[in-house]
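Shown next, in structure tokens, is the structure this report addresses.
The values are calculated or read from the model by the stated rules, or taken from the named source; none is laboratory data. On a predicted model such as this, the values are computed, not experimentally measured, just so you know. Heads up, the Cβs are rebuilt from the backbone with ideal geometry, glycines too, and the neighbour counts pull from every protein chain shown.
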């Protein structure tokens, strides 16, 4: 069974569509656990309406200490051997849960299964497709721009037993709990990447992720966390990762600048424009 956990607080705008997304998966072996933090809008009324009709929906509504605490409560309630976190404003592609259930029959315990995720903006446009192809611990330490980690839990699933190895989500962490979880998971689990799009992540105004991205805090936070994990490596391995980090990030920076000036050669001094572009184009491959 797959246990889908949805933490929510004042999610009236999206809770109904979130519930319907799980219903429309038509997966017989699923339970949808909704953990409400005593919402003051119409969220609970909508949950009650659907829970009365669909027995796979289990829910509680009580005060909590934030998203991590709510997810931990859902994990404690879960009956399934496979866990999924589906935030109230995110959603799955059709028939994902049945596909996930089949794949897990071939995986050892504990395993972590990850796929691609669409990132949507306020205009209803996909502005990025997150493809976390490289999921080794040392790969992730090279940073988001080199090896992106999964952007959203709507695109990954894992054995419930993983929490016995790495513990639960830190209830004091309200911003980076997903990243800490991933960095721990890839060190103890069998990781399988599937090159299909399963998840959809709304990065829209007013959400925690959007606000953090706009302020520049997301990149700074990620770098601080990865730096802390890099410091835990043995010295030789730390040097190896540091060298790759500098090399790949420098290469990425050069690629970005080359692409920028290829599109805007007028911003270079005219006498240097052709010479600089030709030299830089030889140094890096332009995607």
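Observations on the structure shown:
- Tally of residues being in contact with a helix residue (DSSP H, G or I) (Cβ under 8 Å, 6 or more places away or on another chain) and closer than 21 Å to residue 160 by Cβ across region 9-31: 5
Residue by residue, here is whether (1) surrounded by fewer than 19 Cβ atoms within 10 Å (Cβ to Cβ); (2) assigned to a loop (DSSP other than H, G, I, E, B) holds:
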position	(1), (2)
102	yes, no
118	no, no
128	yes, no
172	yes, yes
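- In region 74-83, residue nearest to the chain's Cα centre (by Cα) [restricted to those that are farther than 13 Å from residue 34 by Cβ and in contact (Cβ under 8 Å) with a residue 40 or more places away in the chain]: 83
- Qualifying residues in region 145-167 (those that are part of a loop (DSSP other than H, G, I, E, B) and either surrounded by fewer than 16 Cβ atoms within 10 Å (Cβ to Cβ) or under 11 Å from the mean Cα position of the chain (by Cα) (or both)) - the one modelled with the lowest pLDDT: 145
- So residue 52, is it in the same structural domain as residue 179 (by TED's automatic domain parsing), out of contact with any helix residue (DSSP H, G or I) (no Cβ under 8 Å at 6 or more places or on another chain) and either under 10 Å from residue 3 (Cβ atoms) or surrounded by fewer than 22 Cβ atoms within 10 Å (Cβ to Cβ) (or both): yes
- Qualifying residue in region 228-239 (condition: under 30 Å from residue 87 (Cβ atoms), at pLDDT 80 or above and surrounded by 13 or more Cβ atoms within 10 Å (Cβ to Cβ)): yes
- Residue, surrounded by the fewest Cβ atoms within 10 Å (Cβ to Cβ), within region 135-144, restricted to residues that are modelled with pLDDT of 90 or more and within 14 Å of the chain's Cα centre (by Cα): 135
- Across region 52-73, the number of residues qualifying as outside any loop (DSSP other than H, G, I, E, B) and either within 21 Å of the chain's Cα centre (by Cα) or without any contact (Cβ under 8 Å) to a residue 12 or more places away in the chain (or both) comes to 9.
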